[in-house]
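Sharing a structure with you now.
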Amino acid sequence: MANVTLEEATRICDAALAKAAEMGVKISVSVVDSATNLVTMKQMDGSMMLGIEGSRGKAVASVLFGKPSSELEEQADRPVFRALMTQMGGRLIMGIGAIPIIRDGDVIGACGVGGASGEEDVECAKAGVAAL
């Protein structure tokens, strides 16, 4: 299966950070590949520490389900999804802020953002993925 490259992931992170700077928010952004492995992560100076793991957890959820993490939020409290989150050792966060990266119909990774409001996070993630 194809995966997002380091060069692409870096471009995505930089675009997400640029959007955050434009919006006046401080974020962390993570890009994972199709197997949930971290490709790269960047954190803005002064952003909150929780944004680091939050951005990665949202990206993991997005890539596993192949959809924006916001579409998973309502299901997060259902027993099957709580079990999945437990099985993933807390690496799966089903909250707004991540977008899958799709090439030729295949999910090749995901971009997750944490540290601002959920709506601001997803706006930055969208800007990141749009940079491809």
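The values are calculated or read from the model by the stated rules, or taken from the named source; none is laboratory data. All of these numbers come straight from a predicted model, not from anything done at the bench. All Cβ positions, even for glycine, are placed from backbone atoms using ideal geometry, and neighbour counts span all protein chains on display. Heavy atoms of the whole protein, side chains included, go into the accessibility calculation; ligands, DNA and RNA do not. Shrake-Rupley method; radii C 1.70, N 1.55, O 1.52, S 1.80 Å.
Using Cα springs under 10 Å in a Gaussian network model of the chain, which residue among V29, V63, V80 shows the largest mean-square fluctuation?
It is V80.
Go through Q87, I52, T40 and say which Cα lies farthest out towards the positive end of the charge dipole of the chain; charges sit on Cβ, +1 for Lys and Arg, -1 for Asp and Glu.
Projecting each Cα onto the dipole axis, the largest value belongs to Q87.
Right, next: Of G51, G105, G115, which is the most mobile in a GNM of the chain whose springs link Cα atoms less than 10 angstrom apart?
So, out of G51, G105, G115, the one fluctuating most is G105.
Here's something else I'd like to know. Tell me the relative contact order for the range 22-110 as a rounded percent, counting alpha carbon contacts under 8 Å between residues six or more apart.
31 percent
Name the residue, out of D104, D33, D45, whose mean-square fluctuation peaks in a Gaussian network model built on the chain with Cα pairs under 10 Å.
D104
Expressed as a whole percentage, what fraction of the accessible surface of the range 20-132 belongs to carbon and sulfur atoms when a 1.4 Å probe is rolled over the protein heavy atoms?
Carbon and sulfur: 51 percent of the exposed surface of the range 20-132.
May I pose another question? Between R91 and L6, what FRET efficiency follows from the Cβ-Cβ distance if R0 is 25 Å, with the result rounded to 0.05?
According to the calculation, E is roughly 0.75.
Ignoring everything except DSSP H segments at least 4 long, calculate the 222 nm mean residue ellipticity for the chain; use -39,500 (n - 2.57) per segment, divide by total residues, nearest 500.
My calculation for the chain gives -13500 deg cm²/dmol from helical runs alone.
May I pose another question? Students sometimes get this wrong: rank T40, T86 by accessible area, probe 1.4 Å, all chains present, largest first.
The most accessible residue leads, giving T86, T40.
What percent do you get for the relative contact order of the range 1-69 when only Cα pairs under 8 Å and 6+ apart count?
The value is 29 percent.
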